[in-house]
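A quick write-up on the structure given underneath.
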Ligand SMILES: Nc1ncnc2c1ncn2[C@@H]1O[C@H](COP(=O)(O)OP(=O)(O)OP(=O)(O)O)[C@@H](O)[C@H]1O
Ligand SMILES: [Zn+2]
């Protein structure tokens, strides 16, 4: 039987089925692979057999070692795995590996050991022993620690009773399955616009057919409440539902809202979920006891047997794209999963991606608009601060107009948010005497100063060194100077201007990790903190009722890159972050510090005219033949040194087949030419919309050189990152 194995090979391997067993495709099995034992899944013949395979001598086949007692991966899930592998050009076994992420879930949970009455009372009765035995009137079986705690005795007392034969050990029943969310637990009053939107998408769930709906509503429109109604409908119809969020670890508020609406928490799936809980969730998903999962992008690969809805919240968020190993976009693959299994997909955003908006414009996706905020509050007023005229004095980063607005907010007991998408104190440190710049020894990147921790660190590989007092190049003391601001530097300036204000700095690398960030975000939502200073993680979906003023310290930051999506990203990020202002009762204001107030992105933001942004950007993409009007694929070559890397990339380029409508660009140095000591070269395939880019790549790779001597090739179809 063909079995997909979780390694990077293009085909399935054949194994012998143990005598007397019949295995259907999808069965999860343990098989020998070299001298290891791995987990794989039985697959249908013919799909991943490969072209040049010679028939294997049946007597040489190795046997399947073990069949796991879990439901098989169903046919729709198998087609989905096949599809993702074909689309991303990843080996199918590597996609399967994402599905079988928690092998511990394949074995039944070991039963918990408990104790119950088993014999006569002990000869020697003490007060402690009596207290323990009394508890069996309440409950016939106890866990050992539970019993000792309830009786207020040491575990030794319980052990003594076991030794005396009074108590015996019994297996306790397994933990009950996750609570089932109730569709009609607590329906919230929706605004008329929300109601209409909810009716519309609920109908798509009821139809049980594939469709994609873009829920396109301004920041604070109440999109969450609307798609909750779709989740409720899936529950009513006995289907499972999946909600994807880009930054689930940080959104405890979301889980609370879910609980208010459905009476219990959903299943959670992301990197911060403890291993044991993940194991339970995976099993609960495949056996159907978990009905709703809220998760990060990898939740898309959970083996739901009865999935009837996927919601992709903040569908524009780049966090949905995985760049390494299997390079997939969870939003696009969610649409594929819906298509294969025949259920609706909802994409929700206040700033839809250009791709999604184009699909809505051309009628491929449905679109529902929510033009106003649910609370009735107005959207924030956005002002541009022209840094050429109204900028700050030398050595400062906040313009007088912005500082004034922050001061006024504080005087009204409101919160202000200063947004800068740069961690640390300063992005570059140099020596005033000799011009020496601090660079990472392993990456082509500057070291970023983190003054709170007194280190210079690399944001690409994590290299870190104490900030020296003298320049390592010329030896001058006190000659080092910080160039440009990061959030820590803005915090320093704000603290100097507002010594009485409570300032909270939020960035992903703060000590304390996710738990601390969660706690801080909750505190801010509860009204604590006067000035919040943060990187892009403050832009994501939060509701801060007291927040009125948002200042974008460097609105041009994202525009200065060569990324074809620079304008789109900047528009999305700034709309999202300013969209945190005035969500409850309006009167929010946003200030954009920019040297380019006439740039179309700044104009669209200031005028609040989303439509003009989308029209201009779509036209620009079409004119320059960029996605979604063309297709791209990136081939990233990495190697231990520059000659090997460049040599392979050139050889690969020479092997590119000729095809009308397809162009190969490069090889070229990406902006980050070295990361962690590995040299990088990028080739880019640009193809007409109608071209089959995967077929082209297959032909190319079959004809091209094979990477060796530590050189590796990574393919990314429709890449988002060009760094
Ligand atoms: N019908 C309603 N009446 C009053 N308040 C509501 C209603 N629906 C939602 N809200 C509130 O409005 C706020 C914004 O809702 P929600 O977070 O769903 O918006 P959103 O559209 O997802 O916004 P964003 O895209 O900015 O994340 C929340 O505080 C929510 O509790
Ligand atoms: Zn580095």
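None of the figures in this text is laboratory data; all of them are computed from the coordinates on show. From a predicted model like this one, the values you see are computed outputs, not experimental measurements. Here the Cβ positions follow ideal geometry from the backbone for every residue, glycine too, while neighbour counts run over all protein chains shown.
Overview of results
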| quantity | calculated |
| --- | --- |
| Peptides ranked, highest mean first, by Cβ atoms within 10 Å: ranges 243-252, 682-691, 618-627, 214-223 | 214-223, 243-252, 682-691, 618-627 |
| Taking all pairs of distinct alpha-carbon atoms in the stretch 665-710, Kirkwood radius in angstrom | 12.8 |
| Rough spin-label spacing in nm, given labels placed 7 Å along Cα→Cβ, for residue 323 and residue 49 | 4.0 |
| Taking 98, 465 and counting other C-beta atoms within 10 Å, the order from fewest to most | 465, 98 |
| Column: log10 I(q)/I(0), Debye, Cα scatterers of the stretch 192-370, q = 0.13, 0.19 Å⁻¹ | -0.59, -1.38 |
| Length-normalised contact order for the stretch 630-717 - Cα pairs under 8 Å, 6+ apart - percent | 47 |
| Globularity ratio of the stretch 145-279, using Cα Rg and 2.2 N^0.38 Å | 1.57 |
| Separation between Cα centres of the stretch 302-321 and the stretch 213-267, rounded to whole Å | 11 |
| Debye log10 I(q)/I(0) at q = 0.15, 0.27 Å⁻¹ for the stretch 112-172, Cα point scatterers | -0.34, -1.25 |
| Fewest-first ranking of 463, 613, using other Cβ atoms within 10 Å as the exposure measure | 463, 613 |
| Listed peptides 132-141, 569-578, 383-392 by packing density, highest first (mean Cβ within 10 Å) | 569-578, 383-392, 132-141 |
| Estimated inter-spin distance, residue 393 and residue 566, nm [label 7 Å along Cα→Cβ] | 3.3 |
| In nm, spacing of pseudo-spin labels at residue 623 and residue 188 (7 Å Cα→C-beta vector) | 4.2 |
| Stretch gain in nm, segment residue 428-residue 143, where the contour uses 0.36 nm per residue and the Cα spacing is subtracted | 96.8 nm |
| Ordering of 554-563, 341-350 by burial proxy (mean other Cβ atoms within 10 Å per residue, highest first) | 341-350, 554-563 |
| Segment residue 404-residue 59, extension gain: residue separation times 0.36 nm, minus the distance between their alpha carbons | 116.0 nm |
| Estimated FRET transfer efficiency (residue 444, residue 474; beta-carbon r; R0 30 Å; 0.05) | 0.85 |
| Net length gained if the chain between residue 500 and residue 271 were fully extended (0.36 nm per residue, minus Cα distance) | 78.7 nm |
| Relative contact order, percent, the chain [alpha-carbon distance under 8 Å, six or more residues apart] | 11 |
| Exposure proxy ranking, count of Cβ atoms within 10 Å, fewest first, for 584, 127 | 127, 584 |
| Kirkwood hydrodynamic radius (C-alpha pairs) into Stokes-Einstein, the chain, 25 °C and 0.890 mPa s, D in µm²/s | 85 |
